[in-house]
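Below is one structure, written out as structure tokens, with a few remarks after it.
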Amino acid sequence: MPAIKVTDLKKVFKSKRKEAGMLGSLRSLTHPEYKTIEAVCGLSFEMEAGELLGFIGPNGAGKSTTIKILTGILFPTGGDASVLGYTPWRDRHKLAYQIGTVFGQRPQLWYHLPAIDTFTLFGKIYELDELVLKRRIGFLAETFEIGDLLEIPVRKLSLGQRMRCETAASLLHSPKLLLLDEPSIGLDVVAKQRIRDAIREMSKLENVGVLLTSHDAGDLEALCRRVIIINHGQIVYHDKVSNLKRKYLTSKLVEVRYAAEVNQDFQIYGMETLKVGRYGVKLRFDTKNTSVDLVMSRLSEKGSLVDITISDPPLEEVIARIYEEAA
Amino acid sequence: MRPFNKYWAIFKIQLLNVMAYPSELLGRSFSIIIFMLVFASLWRTAYGIAGTDTLQGITLPGMLWYLMIAETIELSRPRVSTTISRQVKTGELAYVLNKPYNFLAYHFSTSFADSLFRMLTNALIGGIVVSLMFGSPPPAWGWPLAAIALIGAWALNFCMMALIGLAAFITEEISSFEWIFQKALFILGGMMIPLEFLPGWLRTVAERLPFAYAMYGPARLFIDPSLEGFYSLLAGQLVWLLVLGGALALAYNRGARYLAVNGG
Amino acid sequence: MLKRELTFLFALWRANLQGAMEFRVSFLLQIFGMVANNLLYFAFWPVFFSHFDDIHGWTLNDMLIVMAIVSFSWGIMTFLFGNFNFISEVIANGRLDYYLSLPRPVLTHLLASRSNVSGLGDIAFGVVAYLLSGQFQPEQILRLLFGVCISGTILLFFMTLVHSLTFWVGNATELGNLGVNALLTFSLYPITIFDNTARFFLIIFVPALLVGSVPAQFVKAFSWQGLVQLSLGALVLTALAITVFTRGLRRYESGSAIQVEV
């Protein structure tokens, strides 16, 4: 049985349209007019138990709406979904004991108290045995490297430390499925890496399924085997991450700065020059044809390097390319 | 027993949360001194002018002890309307839905923890002020009765405040409802003046409304304790709790359903 | 100079008002809600005076004048300088940076940066209370205007003074709440219930009588004593509050020391 099975899921929001002026307000009380927004239109996918599935797309693509439906927070307008054998919006309460959720922008830890107090509270809320909870906290403290953070009031933690505590809190009741909505939002590179490592570790140890939304391609590269890209409430891409990488995430952006001024007709074989400044150059290359080693050595041949950054193209660009190909 | 454990734990963590800032806790309790000083000046003068020991069957010390309890109730009422309306407006409500606890029971536990400290500190400080000016409090055997009635009053206030909070589903702005509710407690609930002083017809109406059971009842019982009074007060509180609690549950269910369909 | 500041203030007030009017339903709810609120609050006095003819010469009519003055001054101040009750919060959270970084007088800008719509409801109620009080002679109207100005000034600068203590004691929000409770509560009761010691205290330390009873008496009948008390009180408090706030600014620690709550 798949952990999640979604068929033709739809969600339409209606919002009251208000006219200007007092009369308009009155009229909208008696004759309300609605405008509809289709947040999710006909989504279908499956996720196996213990799988790591990435759900990415730009802001407003319908990721959060989908997650909210899958946790039972929202009723869908149409279609069907089954999570761990439950219909979320009908069995929200029972499902709550089986899944863990982290909403990156909605902290669940008590702000003025140490995290350990919230952990104890969650133990009661999920009706865990005291001894079990204690052992569980010990285990999670080790995996998430938060042992020495638990006694500090949450308000004094850094965002990265707090997110690790948040994620650990969502795993206290040993859920079979973890739903993460933007877990790495606002984190720096190191903090992102640490939280990804811990999540991967947990998934491996306990076979926890992870459904993760993000607008950061790095999250899914590091964590997921399969990826679903959605935009405007529809699936635009659905495949293995390795395939996505091979097909779309092959191009890299390079920004370099030299100690001396650079030639205005700066060119390197196998790379496309995007922009030339006085000291800096922006280039693009394809990892299929040109290796990173080679790029580095060719760049340093041109002069003494002061700074270099290699990055993935932004997700918006990838999606735009996927769209182009579909059209 | 397990569900009870859950809400007990929620109650305890909120106690901890309140105690995170003890100075703030204490600072809040000084306002009652101001109110008691004003009441004392006003009623001392009024009894002096009337030239009698009792007005409407209440002595001057009795009046001040009455007002002290009423003010304690007023100052330690649950402030749950603000929290709930914020959760409704920001959509935070949606996120508490996927935890295995009941939303209203959750707020009941946290606001009780919030109020408990205020109630104790206000009654203590207010009691000291009134004792210093007017001598010893009413007979101690009535205190437990009043304490139980205070809890009933608190629960009634909780229902009404939570209902006001849920009004945020209908209109963004709920503070005017909060003000008007408070002033209803002041006059119809007998916070400013015991209901005996109201004109006959108004008194008859006011005595039957929930405001009186949430304010006048316990305060009056405190200065004139009797078992009969206690039982009839409790019965009235229970009836209104059933009515208002039912209304609250209904309103919440409708609201939650609306939210699930329309999103946060 | 003064003209430039006034132009700036008017622009600020206009923006505040326009912002509030965007939400019409809540705008009207707040105004009418406040009128109803004050009516219910005032209902205590008819009930009270139905048992006593007067309190040492003080009658229901006097209470109407007090209520009119306090409603006017409170309403005007919360509407035009609505931040006066939030100064501690602004200082403690380091949000004074914003005002300090702009080329405008810090205190004026800070005070006028918040507008409570409910203040308009207070003003509306003040009109009703005044009409019921029957003080319609021209010189009474002049004295009423004077009284409202003094009452508002004292209200504004007493709160500024209390909140400015934040510069020395950390967060004075609770102290501010206590101050505003004391000032309003004592101002809304007849002066004749207080003995001389209490009156002295309520003029010098918590100038509640200068906000309510004294201006009300002054409206009813002119007295040199009232005029001197009111003018002097307002002048001294204004000078004191501005001095303390300006002194405090030197001790301002900005947002760097304080964590901002998420």
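Values in this text are rule-based calculations from the coordinates and carry no lab data. Only a predicted model underlies this, so the values are computations on that prediction, with no experimental measurement involved. Because the Cβ atoms are built from the backbone with ideal geometry, glycine has one as well, and the counts that use them run over all protein chains shown.
For this structure, a couple of remarks:
- Computed [θ] at 222 nm, helices only, for chain B once each DSSP H run of length n ≥ 4 contributes -39500 (n - 2.57): -25500 deg cm²/dmol
- Based on the Stokes-Einstein relation at 20 °C and a viscosity of 1.002 mPa s, and on the Kirkwood radius from alpha carbon pairs, the stretch C:25-256 is assigned a translational diffusion coefficient of 117 µm²/s.
- Rounded D (µm²/s) - the stretch B:31-262, Kirkwood Rh over Cα pairs, Stokes-Einstein at 10 °C, 1.306 mPa s: 85 µm²/s
- Hits among aspartates and glutamates - C-alpha to C-alpha of A:Lys10 under 13 Å, sequence gap 8 or more where chains match: A:Glu38, A:Asp80
- Normalised by 2.2 N^0.38 Å, where N is the number of residues, the C-alpha radius of gyration of the stretch C:92-147 stands at 1.78.
- In the stretch B:31-262, a dipole from Cβ-located charges (positive for Lys and Arg, negative for Asp and Glu) runs towards its positive end, and of B:Tyr101, B:Leu248, B:Leu64 it is B:Tyr101 whose Cα lies farthest in that direction.
- Angle of helix A:159-170 to the longest C-alpha principal axis of chain A, folded into 0 to 90 degrees and rounded to 10: 40°.
- For the pair the stretch B:161-204 / the stretch A:57-82, the C-alpha centres are spaced 41 Å from each other.
- Think of each Lys and Arg Cβ as +1 and each Asp and Glu Cβ as -1; about the Cα centre, that makes the dipole of the protein assembly as shown roughly 1000 debye.
- Among B:Gly200, B:Ala46, B:Gly91 - extreme Cα towards positive end, dipole of the stretch B:31-262, charges at beta-carbon: B:Gly91
- With the charge dipole of chain A set up from +1 on Lys and Arg Cβ and -1 on Asp and Glu Cβ about the Cα centre, the Cα lying farthest toward the positive end among the listed residues A:Val262, A:Ser304, A:Ile69 is that of A:Ile69.
- Working note: Cα atoms of the stretch A:43-247, range along each principal axis, descending, whole Å: 45, 39, 29.
- D (Stokes-Einstein, µm²/s), Kirkwood Cα radius, the stretch A:251-311, 1.567 mPa s at 4 °C: 114 µm²/s
- Chain B: angle of helix B:60-75 to the longest principal axis, Cα-based, in degrees nearest 10: 10 degrees
- Per-residue [θ]222 nm for chain A (sum of -39500 (n - 2.57) over DSSP H runs n ≥ 4, rounded to 500): -10500 deg cm²/dmol
- Calculated mean residue ellipticity, 222 nm, chain C: -23000 deg cm²/dmol, from DSSP H runs (n ≥ 4) at -39500 (n - 2.57) each, averaged per residue and rounded to 500.
- Expressed as a fraction of 2.2 N^0.38 Å, the value expected for a compact globular protein of N residues, the C-alpha radius of gyration of the protein assembly as shown is 1.14.
- The stretch A:106-172, dipole about Cα centre (Lys/Arg Cβ +1, Asp/Glu Cβ -1), debye to the nearest 20: 220 debye
- Cβ charges +1 (Lys, Arg) and -1 (Asp, Glu), total dipole of the stretch C:55-143, debye: 200 debye
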